[in-house]
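First up is the structure itself, then whatever we jot down about it.
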Amino acid sequence: MWKKLLASTCLALVMGAPALAQGTPDALVKQISGEVLDAVKADPALQAGKVEQIIQLVDAKVMPHVNFEVMTRSAVGPQWRQASAEQRAKLQAEFKSLLVRVYSGALTEIKDQTVETTKTLPVPQSTQVVVQSEVRGKGEPIKLDYRLDKYADAWKIIDVNVGGIWLVTSYRSQFAPELSKGGIDGLIGALVERNKTAAAAKS
């Protein structure tokens, strides 16, 4: 159940990342959703969860429009401040690999879904907004919230919520025991091992 929820969360991130630097957050979410859905439906390799093609999709459609440093920093928590530049780079790289592996499973679930934005709410005392939306297809709609912040002239995703659970919060709870045991290097080592295990299982 937990893995399925995380897969849905990452699917939400893929389907919801904004593609343009201007415009309202809800319009950006809706536009890129259609683009990504069309790409997946047209590419059997993406439908099959091929990691190389998914990496290309993520790099082209998602990463330029996500503040991944903010996401990683929030998932790591206070110990991020103690990490060196090299450690921070490694954490971001391994966290990205982890999410891509989850994307590979989530993308195989895309069939005839559409995405509809329902509401945009400002986050009090900040420049952030939360865009609420639904993924609609067969069965009950999946409710999604996207937290975005404004950087210069571009909106960037910094977190995603599925079923009341925020992506960053869920990973922060997973990372905490590793940080408690082995600090930043311990977390990096755990992520490296987790990604190796996932890659071996996929091959």
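Taking the charge dipole of the range 2-202 about its Cα centre, with +1 at Lys and Arg Cβ atoms and -1 at Asp and Glu Cβ atoms, the residue from ALA60, PRO122, VAL168 reaching farthest to the positive side is VAL168.
Taking amide hydrogens as placed 1.01 Å from N in the peptide plane, the amide H of THR120 sits under 5 Å from those of GLN132, each at least 5 positions away in sequence or on another chain. Shown here for the range 126-166: trypsin sites (Lys or Arg not before Pro) in loop regions (DSSP other than H, G, I, E, B) with at most 10 other Cβ atoms within 10 Å, namely LYS138. Treating r as the C-beta distance of ALA60 and ASP38 and R0 as 22 Å, the FRET efficiency rounds to 0.95.
A cut-off of 5 Å between modelled amide H atoms, ignoring neighbours fewer than 5 places along the same chain, links LEU144 with SER133, GLU134, VAL135. Phi-derived couplings, Karplus 6.51 cos²θ - 1.76 cosθ + 1.60 at θ = phi - 60°, listed residue by residue for the range 44-49: x, 5, 5, 4, 7, x Hz, with x used for Gly and Pro.
Here r is the Cβ-Cβ distance between GLU69 and GLU140 and R0 is 41 Å; the resulting FRET efficiency, rounded to 0.05, is 0.75.
One decimal place: the segment ALA48-GLN31 gains 3.7 nm when fully extended, by the rule 0.36 nm per residue minus the C-alpha distance. The simple spin-label model puts a point 7 Å past each Cα toward its Cβ; for ALA89 and LYS119 those points are separated by 4.4 nm.
Across the range 157-162, rounded Karplus estimates of 3J(HN,Hα) from the backbone phi angles (6.51 cos²θ - 1.76 cosθ + 1.60, θ = phi - 60°) give 6, 10, 5, 9, 10, 10 Hz, Gly and Pro being marked x. For the range 75-203, the dipole from Cβ point charges (+1 on Lys and Arg, -1 on Asp and Glu) about the Cα centre works out to 180 debye, to the nearest 20. Between the range 141-203 and the range 29-68, the C-alpha centres lie 18 angstrom from each other. Rounded to the nearest Hz, the phi-derived 3J(HN,Hα) couplings of the range 192-198 under the Karplus curve 6.51 cos²θ - 1.76 cosθ + 1.60 (θ = phi - 60°) are 4, 5, 4, 5, 5, 4, 5, where x marks glycine and proline.
Size descriptors for the range 2-202, from the alpha-carbon set: Rg then Dmax equal 16.4, 47 Å. Collect residues whose amide H, placed 1.01 Å from N in the peptide plane, falls under 5 Å from the amide H of VAL160; neighbours closer than 5 in sequence don't count. Counting only residues 5 or more places away or on other chains, the set is ARG147, LEU167, VAL168.
Taking chymotrypsin sites (Phe, Trp or Tyr not before Pro) across the range 106-203, none is in a DSSP loop with at most 14 further Cβ atoms lying within 10 angstrom of its Cβ.
Computed from the coordinates by the stated procedures, all read-outs in this text should not be read as laboratory data. What you are looking at is a predicted structure, and each value in this text was computed from that prediction instead of being measured. Don't worry about glycine lacking a Cβ; one is built from the backbone with ideal geometry, like all the others, and counts go over all protein chains shown.
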